[in-house]
Amino acid sequence: MKKTYSNKILFYSLLFVFIFSNVICYGALTKGQIESEEKGYFIYIIWDAFRYDYYEWANSGQYPGTPALNELIENGVLFTDASTGIPSITNPMQAVLVTGAYPRTTGNIYRYFDKEDQIVKQTRRDNSAETLAEAASKQGLKVASVQQFMVQDRGTSYEDPSHLYIQPSGSFQKRVDESIKILKGQPVVTQGDTEVVFEGIPDIMFIYSDDLDTVGHNEKPSYGYYDSIPADREEERIERCVEVLIQMDSELARLIDTLKEIGIYEKTSFVIAADHGMTPYSGTSSLNDLIEILENCLEALGHRVNNDTVVFLAKDQAANEANKIVIVSVGLQAQIYLNWDFTQEEYDFIVNELKSSLYSEFIGGVLTFDELQARGSHPKTGDMLVWPKPPHHFKDSKTNYKAPGGHDTIDESSQHVFLLMSGAGFKKGTTINKKVYNWDIVPTISKVLKIEPPENADGKVVIEAIQ
Ligand SMILES: [Zn+2]
């Protein structure tokens, strides 16, 4: 009797263990199955200075076109009105592109006049917002960055084979070579002679390239691979930019072929984005004309004006008590700081004078402090911002320029950037004409990756693009 009872206990215990372990196994298997079915990969490419027009010009019939980009567009979404932020300068906008946060949130605003310290300062890779690489790593994803420097030690590093940062330098071609090695599980060089093999396939891979920026600036190159002498004319500069784009497109094709070869193309989503466009400028600077308008404003407001009243200050230069207006510029737009305890009436008077000068040949437009704030800018960007009408510029230089390019401006040529989203997670063959900003990209990528977006993201998911 007792034995039968204990046998029963043993039987039911075994039955319970059997059922329970099956529930666990079944649960685990099911979860595993779901994971492998849903598992996708993301490739996030940023082509520095990819102005939207370049894409249209390259495909206008005059050039061989961009078959790889076009394949991705057929398989995805082209944005015809994507805009960058302010200032449209590499580091501040790369910070936006990896965080989904406004410049106000990242704190990266490049050059500015610090009223408290009365000196012109400059940010470097400063970023107070969580990056997509950090958010993805925290949530268990594997991340690789091929020279997306804004996530170096911010979610990827030289030392971590499943959250790896590498910096191959050189052209996009070289960076695609290294990206292919990572995808194929081949060793890549991190620092010096150290070689690392990425553990598995990255869930998200960042690839950054500055070929278009180098050729677009058309100056004596101080970085990058492009080493020919500068073009003399704007037409020639544009032609070179389009040719470089077409060359990069053929490298993109190699990357796509690799994804097909290793069998993950169908599961891969893509974003190709840019930090800013490129605006041509030439001739001599309009800075003195701008200073004159501001001096006249101060005189009309009853201030005594001399050569120290309205000044242009370069990086690290300090202001003195005589400097009532400080102008800061990287070459195109002028950030204007009123350096006294001004009234709203005085402020409005200056803005109105600048706006009424709009029809003067060199002013492209004016943004007030409130308008800058509405565009996500940092409060230290300036009390107001004036941008030049191309090809004018506000460089502190006596040079008579031939055909260089710059991008710190609100002009369409610098603000309107290329953007596509393509592949597994996105709609196919779609064009989105509504205005989107570069801070919307990271929240959208996070949604497709099914992860929580970075903590400080300000942008919105572009839901129309997602499948
Ligand atoms: Zn840039």
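Can you give the accessible area per residue of the range 287-401, in Å², using a 1.4 Å probe?
48 Å²
Heavy atoms only, probe 1.4 angstrom, no DNA, RNA or ligands counted: give me Phe362, Phe369 ranked by accessible area, highest first.
Sorted descending by solvent-accessible area, the residues read Phe369, Phe362.
Give the accessible area for Ile432 in Å² (nearest 10); use a 1.4 Å probe, count only protein heavy atoms, and leave out ligands, DNA and RNA.
Accessible area, nearest 10 Å²: 10 Å².
If amide hydrogens are placed 1.01 Å from N in the peptide plane, which non-local residues have theirs closer than 5 Å to the one on Phe426?
Correct list: Gln467.
Scan the chain and note any complete DSSP helix (H) whose C-alpha atoms cover at least 27 Å along its axis and whose Kyte-Doolittle average is 0.0 or more. All intermediate terms of the calculation are to be shown ahead of the outcome.
On the way: long enough: 2-38 (53 Å, 0.30); 234-261 (41 Å, -0.38).
What comes out of the filter, once short or polar helices are dropped, is 2-38.
Would you list, by chain and number, the lysines whose Cα falls below 18 Å from the Cα of Lys181, excluding same-chain residues fewer than 8 positions away?
Lys181 reaches Lys142, Lys260.
Which lysines, if any, have their Cα less than 24 Å from the Cα of Lys355, not counting same-chain residues under 8 positions apart?
List returned: Lys324, Lys380, Lys389, Lys395.
At 1.4 Å probe size, put Asp341, Asp458, Asp232 in order of accessible surface, largest to smallest.
I get Asp341, Asp232, Asp458, largest accessible area first.
So for the chain, taking the charge dipole from beta-carbon charges (+1 Lys/Arg, -1 Asp/Glu), which of Ile451, Leu298, Ser88 sits furthest toward the positive end?
Working it through, the farthest residue towards the positive pole turns out to be Ile451.
Heads up, I need the accessible area for Tyr337: 1.4 angstrom probe, whole protein in place, Å², nearest 10.
Rounded to the nearest 10, the figure is 10 Å².
Hey, any idea what % of the chain's accessible area is carbon plus sulfur with a 1.4 Å probe?
Percent of accessible area from carbon and sulfur atoms in the chain: 51.
Which net charge results when you count Lys and Arg as +1 and Asp and Glu as -1 among the other residues whose beta-carbon is under 13 Å from that of Tyr208?
-3
Measuring from centroid to centroid over Cα atoms, what is the spacing of the range 372-405 and the range 237-279 in Å?
The two parts, judged by their Cα centres, are 30 Å apart.
Which Rg and Dmax, in Å, describe the Cα atoms of the range 197-351?
Gyration radius and largest Cα-Cα distance of the range 197-351: 24.0, 73 Å.
Taking 8 Å as the Cα distance limit and 6 or more residues as the minimum spacing, I'd like the relative contact order of the range 287-401 as a percentage.
Contact order relative to length: 26 percent.
Computed from the mean reciprocal separation of all distinct C-alpha pairs, what Kirkwood hydrodynamic radius does the chain have, in Å?
It works out to 24.2 Å.
Specify the inter-centroid distance of the range 44-74 and the range 170-224, based on alpha-carbon positions, in whole Å.
Going from one Cα centre to the other spans 20 Å.
Heavy atoms only, 1.4 Å probe, whole protein assembly: order His392, His276 by accessible area, highest first.
Most to least solvent-accessible, the answer reads His392, His276.
Take every DSSP beta bridge whose two residues both sit in the chain, then give the antiparallel share in percent to the nearest 5.
Of the beta bridges lying entirely in the chain, close to 55 percent run antiparallel.
Place a +1 charge on the Cβ of each Lys and Arg in the chain and a -1 charge on the Cβ of each Asp and Glu, then give the dipole magnitude about the Cα centre in debye, rounded to the nearest 20.
2200 debye
Remind me, relative contact order of the chain in percent, using alpha carbon pairs under 8 angstrom and six or more residues apart?
About 28 percent, as a whole number.
The values are calculated or read from the model by the stated rules, or taken from the named source; none is laboratory data. The model shown is predicted, which means the values in this text are computed figures rather than measured ones. Cβ: placed from backbone, ideal geometry, glycine included. Neighbour counts: every protein chain shown. Side chains included, ligands, DNA and RNA excluded: accessible areas come from the protein's heavy atoms. Shrake-Rupley method; radii C 1.70, N 1.55, O 1.52, S 1.80 Å.
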